[in-house]
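Read the figures in this text as sums done on the coordinates, not as results from a lab. Quick caveat: nothing in here was measured; it's all calculated off a predicted structure. No Cβ is skipped: glycine too gets one built from the backbone with ideal geometry, and neighbour counts run over all protein chains shown.
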């Protein structure tokens, strides 16, 4: 019997989803994301300083004033683009050498064709979480923590959306654990800095800005843990199939 166009599209979507699940399952990309988050966390510590504490940073940023924030964002973009591209190349090569012998090889273009449901759930969770956390931090810490909150909620929403749609239960478990840790540590460890004297360390912040470095470190650990779990699971699955 000839397959209808609808059946062909459904089968293609099913195979695409299986391939994407396979791509995330081994955990190598999770380890790469953990490294990227460490870079962003380091950048975040300096970005908040040059943006919120002009008087306590380097002379070049003092002269730029409010424009220092745009320079900080430009520096992040310039640094991240080659790092992410290099990570993508390394991950693909490692998948061929380390994972393909156990489970076969699944490869995608850089922008993976994930199902629209994943993006929908991500934006819903992100928007709701963003509003709730801004309210919680304003209530408990005296300011919305504008820089911290996006870095707290975005990885959690990504973990949960991908984990739910592609049946990766470790993602959903780590999403909850990471979210609780990121919120708790941000509330408990950050202190209010003196605006004129400047911050004593990256945990000494202004309530308006918060500490983006702390959630980045938390989520880097969560992604690294997810990556290790994925690698161990795939190798066990591969050995079991032999």
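Key figures
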{"item": "Residues 91, 78, 180 arranged by fewest to most Cβ contacts within 10 Å", "result": "78, 180, 91"}
{"item": "Paramagnetic label zone (point 7 Å from Cα along Cα-to-C-beta, residue 128; backbone N under 17 Å) in segment 150-186", "result": "153-165, 172-173, 175-177, 179-180"}
{"item": "Segment 152-232, relative contact order [Cα under 8 Å, separation at least 6], %", "result": "27 percent"}
